[in-house]
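Have a look at the structure below, then the notes.
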Amino acid sequence: MTGSAVQSSDGVAVITGGGQGLGRAFAHALAGTGRAVAIVDRNGENAAKVAQEIEAAGGRACGYAVDVASEDEVTSAKERIAGDLGTVEILVNNAAIFSTLEMGPFTDISPTTWRKVIDVNVTGTFLCCQAFVPVMVGNGYGKVINISSATVFTGRPGYLHYVTSKAAILGLTRSLASEVGRFGVRVNAITPGSTETEVERATITPAARERMAADTALRRVQVPEDLVGTVVFLAGKASDFITGQTINVDGGLAFH
Ligand SMILES: NC(=O)c1ccc[n+]([C@@H]2O[C@H](COP(=O)([O-])OP(=O)(O)OC[C@H]3O[C@@H](n4cnc5c(N)ncnc54)[C@H](O)[C@@H]3O)[C@@H](O)[C@H]2O)c1
C-alpha cells in the first residue's frame, strides 16, 4: 500500500504560535473538526489559555510553552505531545515574529534583528518540520501547512526581514513537498493578506487597513475566519492531491 492511500481520521494537529491571533483561530477551527490540538507558543500562558477555551467548548487540547527556534524545546515538545495527545498528523507552522515587529527602512534593520526574524520565522519552521514530519512519514500520511504572507507578492516596504523570511517559507514548502510526497506527506503554504485579529499592531492603523481593503477585489478588511476554511481544507482529505502549492487568501489584492 502506498502512503497516500493511508489516512487516520483522528491524528493530532500541532499549531505553532497558537496562543493568539491567527494561530488561535486555526487551533479552534481544527479542534472543531474533531481533532486533538497541541498549541505550541513561546507564550505558555496564552497557549494554556487557548487550550482551556477549546476544552471548554468540548474539544481536546493541550498548551505548550516552546520557542520554535530552539531545537531542544521543539524536540521535548514533540515527546510531550505524543504522550499527552497521541500521533501528530497535521503541523501548522504559524509562529513568527510578526505583530511585535517594527517596520522601517532596510538600512535601519540591525543584523541582530535580521537574524532573529530569520531564526524564528524560517529556522523555527524548519525545526518543527524536522521534528514532526518524520512522525508523519512513519505513518504514511500527514499534512504540513506553512503560513507565509501575501507581502511576498506585493513586496511591502519597511519589512525587508519579514518579507524575506516569508519568501523563504515558499521555497521550503516546495522543496520539502518534493522530498516527502512519496511518503504520503503533503506540504502546502498559505499567503494571508493583512488580517485584523484581536492583537493590536503598531505596524498598521485601522485607516491603513481600510485603505488596503479598498484595493482588494472583495473590498473589505480581512478577518481570521477568512483563512480558517483554507487551513481546514489543507488539513483534510479533500486536498490530498495538492502538495507544494501556495494558496493566496487576501480578498484579491495580489493575483498569484
Ligand atoms: N495578521 C496578519 O495580517 C498576517 C498577514 C500575513 C501573514 N501573517 C502570518 O500569520 C501568522 C500569525 O500572525 P498573527 O497576526 O497571529 O501574529 P501574532 O504576532 O499576533 O502571533 C504570533 C504568535 O507566534 C508566537 N511566537 C512568536 N515567536 C515565537 C517563537 N519563537 N516560538 C513560538 N511561538 C512564537 C507569539 O507568541 C504569538 O502567539 C504569522 O506567521 C504571520 O507572519 C499574518
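The values are calculated or read from the model by the stated rules, or taken from the named source; none is laboratory data. None of the values given here were measured: they were computed from a predicted structure. Note: ideal-geometry Cβ built from the backbone for every residue, glycine included; neighbour counts use all protein chains shown. Calculation scope for accessible area: heavy atoms of the full protein, side chains included, ligands and nucleic acids excluded. Shrake-Rupley method; radii C 1.70, N 1.55, O 1.52, S 1.80 Å.
Results, tabulated for the structure shown:
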| item | result |
| --- | --- |
| Within segment 94-120, tally of residues that are in contact with a Gly (Cβ under 6 Å, 6 or more places away or on another chain) and within 9 Å of the ligand (Cβ to nearest atom) | 2 |
| Among the residues listed as Ala238, Ala177, the single one being open to solvent by 50 Å² or more (accessible area, probe 1.4 Å) and modelled with pLDDT of 95 or more | Ala238 |
| Any hit, segment 200-223, residues being part of a loop (DSSP other than H, G, I, E, B), basic (Lys, Arg) and modelled with pLDDT under 95 | yes |
| Segments classed as strands (runs of 3 or more DSSP E), wholly inside segment 53-160, with at least 3 members that are open to solvent by less than 10 Å² (accessible area, probe 1.4 Å) | 88-93, 142-147 |
| Residue count for segment 185-241, restricted to those that are closer than 27 Å to Gly142 by Cβ, among the charged types (D, E, K, R) and touching a strand residue (DSSP E or B) at 6+ places or on another chain (Cβ under 8 Å) | 3 |
| Residue, nearest to Phe132 (Cα to Cα), within segment 23-52, restricted to residues that are near the ligand (Cβ under 9 Å from one of its atoms) and open to solvent by 60 Å² or more (accessible area, probe 1.4 Å) | Arg42 |
| Residue satisfying condition, being touching a residue at least 12 places away in the same chain (Cβ under 8 Å), under 15 Å from the mean Cα position of the chain (by Cα) and over 23 Å from Ile242 (Cβ atoms), within set Ile90, Ile81, Ile109, Ile97 | Ile97 |
| Breaking point among (1) open to solvent by 20 Å² or more (accessible area, probe 1.4 Å); (2) within 15 Å of the ligand (Cβ to nearest atom); (3) over 21 Å from Ile39 (Cα atoms), for Glu198 | (3) |
